[in-house]
Amino acid sequence: MTIDEQLVAAAREAAAEAYAPYSDFAVGAALLTADGLVYTGANVENASFGLTMCAERAAVVKAVSEGQRDFAKLAIFAASAEPPLPCGACLQVLAEFGPDVEIIASNDTATIVTTLSELLPRPFHIEQDACGD
Ligand code: THU
């Protein structure tokens, strides 16, 4: 198996842990760090719908809260009609840590390989000088 296939398999496995009683749309993500570790995530929905956490952000939060900052690849899996590309919120959260992340989106039949900078070419960034002090 290639590393991309391994990541998609990890994302597929993670999707099995999704908590998605409202949408019934299970998503899994697998984030590969620059030093070769893999952090997975699944979507976690909430009765207050806006509090729902996407699979991709769940993976990023797990990785960053364990000290990781440098990400090489993110695989996303859902058994959807089209391979599930990350939503805008997840792209912005990923962009916080740099533009060079390969994105591998897969369903059971097709895979799209692209990059964060292609999906979100001009993310929002704060100029540190504008933050006072
Ligand atoms: N979802 C993700 O996990 N990732 C995305 O990039 C888009 C959407 C989840 C959120 C919600 O639980 C379900 O998919 C339907 O929107």
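Could you run through segment 91-113 and say how many residues are closer than 18 Å to CYS54 by Cβ and over 13 Å from the mean Cα position of the chain (by Cα)?
Number of matching residues: 2.
With the condition kept exactly as written, say whether any residue in segment 26-35 is in a loop (DSSP other than H, G, I, E, B), more than 10 Å from the ligand (Cβ to nearest atom) and open to solvent by 10 Å² or more (accessible area, probe 1.4 Å).
Yes - at least one qualifying residue is present in segment 26-35.
Among the residues of segment 36-68, write down those that are open to solvent by 40 Å² or more (accessible area, probe 1.4 Å) and closer than 15 Å to LEU116 by Cα.
ARG57, the sole residue that qualifies.
Hey, among the residues in segment 3-25 that are assigned to a loop (DSSP other than H, G, I, E, B) and of a type in the set (A, V, I, L, M, F, W, C), which one's surrounded by the fewest Cβ atoms within 10 Å (Cβ to Cβ)?
ALA16
Any residue at all in segment 95-112 that's at positive phi and either of a type in the set (Gly, Ala, Ser) or open to solvent by less than 40 Å² (accessible area, probe 1.4 Å) (or both)?
Yes, because at least one residue in segment 95-112 is at positive phi and either of a type in the set (Gly, Ala, Ser) or open to solvent by less than 40 Å² (accessible area, probe 1.4 Å) (or both).
Given GLY132, GLY98, which one is within 17 Å of ALA63 (Cα to Cα) and modelled with pLDDT under 95?
Going through GLY132, GLY98 in turn, the sole match is GLY98.
The values are calculated or read from the model by the stated rules, or taken from the named source; none is laboratory data. Every value quoted in this text rests on a predicted model; they were computed, and no experiment measured them. All Cβ positions, glycine included, derive from the backbone under ideal geometry; neighbour counts span all protein chains shown. Note: accessible area is taken over every heavy atom of the protein model, side chains too, but ligands, DNA and RNA are not part of it. Shrake-Rupley method; radii C 1.70, N 1.55, O 1.52, S 1.80 Å.
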